[in-house]
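Take a look at the structure below.
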Amino acid sequence: MSFHRVLTSAATLALGSLALVACDPASATGAAPTGTATTASAAKTPASASPVSGSSRGSAGTAAGGGSSAGAAPTAGKKPGPHGSGTASGSGTGSRAGLCRAGQLTVTAAPVSQPLNHLLITAKNTAGTPCDLGIIGLVTFDGHIRATTPDGIGGGPDVLRPGQSNYEGVALDQQDAPGQGSDTSYLTVRLDSGDTLRIPVKAHVHAPRISVWEPSAADALSAA
């Protein structure tokens, strides 16, 4: 009887211990907290990444949609003229070329077969640096017969790089103008810089008219 009682008590104590272990939350402190922390980290990762993605889209929108960068362009410089950017390199660096002086150019004048009664003036940059030819070269024949200029002259700088030429057309004879005209032996071209060049050329002029400087001979002759 005493032996059976001892076994029964031992068994009862063992079962009680197992029940306590199963009910004790401390026994689950191994896997359960670790798994929960991993899940929380995974959940927080998208939340923390979301503002970065939104910021990137915002920056791209500013650049592409006319934010401060795009809005600064119109105030950074003048509106481009028809002849060029007005910089020595054409890259918009802000290094502006000076007006062309007589010593930087070779200027010639020659009659052309078409159109009739026209001269072509050619200005070539023979210096080693770019220069701004300006808008128009004022032409006078024999020191007193001035060629008329186009209405509404305007435009931006006309930068010639070394070796580059621009052209100006001269219409010599306006048939509907009053008078008979005159035979001349030379003309002068006054540059925007103030320098004047004298060019020997024989021509009969009757109310002559000139174009502005143009990048091609055809454009200059058609505009005169």
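Odds and ends about this structure:
- Backbone amide hydrogens, once placed in the peptide plane, bring Val201 within less than 5 Å of Tyr186, Leu187, excluding anything fewer than 5 places away on its chain.
- Between amide H atoms placed 1.01 Å from N, distances below 5 Å from Thr148 occur with Arg209, Ile210, all of them 5 or more places distant or on a separate chain.
- Per residue solvent-accessible surface (Å²) - region 151-224, probe of 1.4 Å: 49
- Accessible area (Å², 1.4 Å probe, nearest 10) - Arg190: 120
- Calculated from backbone phi, Karplus (6.51, -1.76, 1.60) coupling profile of region 102-118 in Hz, x at Gly/Pro: 4, x, 8, 10, 10, 10, 10, 9, 8, x, 10, 6, 9, x, 5, 6, 10
- Summing Cβ point charges (Lys, Arg +1; Asp, Glu -1) relative to the Cα centre of region 128-224 gives a dipole of roughly 220 debye.
- Long-range HN-HN contacts of Arg101 with modeled amide H, under 5 Å: none
- Scoring 169-180, 208-219 by mean Cβ neighbours within 10 Å over their residues and listing the highest first yields 208-219, 169-180.
- Rounded to the nearest Hz, the phi-derived 3J(HN,Hα) couplings of region 156-163 under the Karplus curve 6.51 cos²θ - 1.76 cosθ + 1.60 (θ = phi - 60°) are x, x, 10, 7, 9, 7, x, x, where x marks glycine and proline.
- With all protein chains in place and ligands, DNA and RNA left out, the 1.4 Å accessible area ranks His144, His204 as His144, His204, largest first.
The values are calculated or read from the model by the stated rules, or taken from the named source; none is laboratory data. All of these numbers come straight from a predicted model, not from anything done at the bench. With ideal geometry, Cβ positions are generated from the backbone for all residues, glycine too; neighbour counts draw on all protein chains shown. Areas reflect the complete protein model, heavy atoms only, side chains present, ligands, DNA and RNA absent. Shrake-Rupley method; radii C 1.70, N 1.55, O 1.52, S 1.80 Å.
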